[in-house]
Amino acid sequence: MKIFFLFFVLVTSMFAMQISDTKLKQMIGQMLIVGFPNTSVNKQSKIIKDINKYKLGGVILFDVFYTDRERNKNISSSTQLKKLSSDLQRLTQGKIIISVDQEGGHVARLKPKYGFKAFPSAKKVSSASTIEAKRSYKEMSIMLQENGINCNFAPVVDLEINPKNKVIVGLERSFSKSSMQVKNYASILIDEQEKVGIISVLKHFPGHGSSLGDSHLGFVDITDTWSEKELEPYQYLIDSGKIKMIMTAHVFNKHLDDTYPATLSYNVNTKLLRQKMDYKGVVVSDDLQMRAISKHYSLQETVTLAINAGVDILLFGNQLAAQGTDEIVQSIFTQVKNGKIPLQRIIQSNKRIKKLHE
């Protein structure tokens with residue numbers, strides 16, 4: 001075992017010496033999913049140039065701007081969305097992730113007002129039969145696939161624990177307070193999305209259903225409300241072997257980490273999720289521009305802590321702030337060059353991300 005480890009270190013070191021600055025920035029780019037403010041793109045669009053320059057991992061689409069709900073950002077109709085998705089793939093080199101939040105109910109980027117079919121919330125789905133849930137999620141998955149979406153930030157596997165929770169429970173985003181019920185209905189969505197080539201993303205690890213606050217707005221402390229029961233849906237689904245991506249939450253729990261929120265915590269993402277729960281897939285952050293993070297950490301601190309914690313893909317929705325890809329890539333690049341982020345973490349994350357497209 002010791003000989004194998006030394007061989008692995010030697011090979012990694014030799015590989016590292018061969019990585020040019022351009023290649024390193026492209027490896028960093030693979031670790032980013034970003035938002036952009038256009039309903040159409042061409043070869044001169046900034047997002048297309050950024051994707052091709054840095055080999056960005058992907059984009060996230062929103063229907064409207066966070067600060068102007070009457071103004072379309074990326075989605076206005078099926079015809080428009082199909083062309084946007086097609087152009088994003090056609091004008092870029094290599095397969096990219098085109099992602100949305102399409103849970104059903106209140107959280108849906110493909111809305112009826114743009115001509116898309118309405119789908120029920122997780123809470124409503126779980127009140128129906130599994131046969132009905134399968135029919136509904138099959139239709140939703142096909143709709144996403146036909147419109148060029150290949151990654152959906154769903155299902156939510158948070159437990160419906162705190163009735164005063166506005167961001168999860170209040171919006172009917174949780175299937176149930178029962179871990180088994182959550183696992184069963186989440187599995188249906190995962191299976192239907194898998195059939196049409198859509199990557200499913202479990203969220204929000206290690207559990208957001210017991211919280212009182214909204215991490216979009218600021219610091220959320222779950223120390224006194226969270227319990228290990230909230231890990232059960234994740235463990236069930238990890239053990240099933242179906243899970244390729246899990247999203248971390250910007251929640252703080254001093255029993256898990258007395259310094260950092262989950263997204264920035266090595267204890268949560270590596271020791272708990274990877275080592276204890278044996279998760280092998282990709283870890284994606286929730287939007288790093290949410291105020292639970294951005295109010296307390298600089299960009300450089302955020303990317304350094306997140307990557308070192310074990311996060312593989314950093315999400316910058318550019319809804320709550322506007323940070324350019326050049327700035328983000330350069331921040332990470334600088335930290336790798338000065339040794340604050342080990343090159344091995346970049347290599348490791350790129351290997352995991354590559355498997356998403358296999």
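The values are calculated or read from the model by the stated rules, or taken from the named source; none is laboratory data. This is a predicted model, so every value here is computed, not measured. Note that we place each Cβ from the backbone using ideal geometry, even for glycine, and neighbour counts take in every protein chain shown.
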Practice item. Have a look at 108, 118 and point out the one that is of a type in the set (Gly, Ala, Ser), touching a strand residue (DSSP E or B) at 6+ places or on another chain (Cβ under 7 Å) and free of Cβ contacts under 8 Å to residues at least 40 places away in the same chain. Key: 108
Check your understanding: Quick check, is residue 62 among the aromatic types (Phe, Trp, Tyr), in a loop (DSSP other than H, G, I, E, B) and more than 30 Å from residue 346 (Cβ to Cβ)?
Key -> no
Practice item. Assess whether residue 278 counts as being assigned to a loop (DSSP other than H, G, I, E, B), modelled with pLDDT of 95 or more and crowded, with 22+ Cβ neighbours inside 10 Å. Key: no
Practice item. Within the stretch 297-316, identify whether any single residue is within 14 Å of the chain's Cα centre (by Cα), at pLDDT 95 or above and either at positive phi or surrounded by fewer than 16 Cβ atoms within 10 Å (Cβ to Cβ) (or both), and answer yes or no. Key: yes
Point to revise | Pairs where the first residue, in the stretch 296-311, is free of Cβ contacts under 8 Å to residues at least 40 places away in the same chain and the second is in a loop (DSSP other than H, G, I, E, B) and surrounded by 19 or more Cβ atoms within 10 Å (Cβ to Cβ), C-beta under 8 Å, 6+ apart | key: 302/288; 303/288; 303/341; 304/341
Revision key, fill the gap. Only one of (1) within 24 Å of residue 354 (Cβ to Cβ); (2) surrounded by fewer than 17 Cβ atoms within 10 Å (Cβ to Cβ) does not apply to residue 30, and that is (2)
**Study point:** Selection status of residue 235, over 21 Å from residue 268 (Cβ atoms) and of a type in the set (S, T, N, Q)
**Key:** no
Practice item. Return only the number of the condition from (1) surrounded by fewer than 20 Cβ atoms within 10 Å (Cβ to Cβ); (2) under 16 Å from residue 196 (Cβ atoms); (3) not aliphatic (A, V, I, L, M) that residue 137 does not satisfy. Key: (1)
Point to revise | the stretch 255-272, residues that are touching a strand residue (DSSP E or B) at 6+ places or on another chain (Cβ under 8 Å) and not in a helix (DSSP H, G or I) | key: 260, 261
Review point. So which of 181, 193 is polar (S, T, N, Q) and closer than 21 Å to residue 358 by Cβ?
Key: 193
Practice item. Look at residue 161 and say whether it is within 24 Å of the chain's Cα centre (by Cα), at pLDDT below 95, crowded, with 20+ Cβ neighbours inside 10 Å and in a loop (DSSP other than H, G, I, E, B). Key: yes
**Study point:** Candidate set: the stretch 94-107, residues that are part of a strand (DSSP E or B) and not acidic (Asp, Glu); chosen: the one surrounded by the most Cβ atoms within 10 Å (Cβ to Cβ)
**Key:** 99
Review point. Are any residues in the stretch 64-93 under 18 Å from residue 322 (Cβ atoms), surrounded by 14 or more Cβ atoms within 10 Å (Cβ to Cβ) and of a type outside the set (Ser, Thr, Tyr), and if so, which ones?
Key: 64, 65, 72, 73, 74
Revision key, fill the gap. Within the stretch 65-84, residues part of a helix (DSSP H, G or I) and not hydrophobic (A, V, I, L, M, F, W, C) come out as 78, 79, 80, 82, 83
Review point. Would it be correct to say that residue 142 is under 24 Å from residue 317 (Cβ atoms), at pLDDT 95 or above and not in a loop (DSSP other than H, G, I, E, B)?
Key: no
Revision key, fill the gap. Counted residues in the stretch 283-323 being in contact with a helix residue (DSSP H, G or I) (Cβ under 9 Å, 6 or more places away or on another chain), part of a helix (DSSP H, G or I) and not hydrophobic (A, V, I, L, M, F, W, C) come to 6
Review point. Any residue in the stretch 341-352 that is crowded, with 24+ Cβ neighbours inside 10 Å and hydrophobic (A, V, I, L, M, F, W, C)?
Key: no
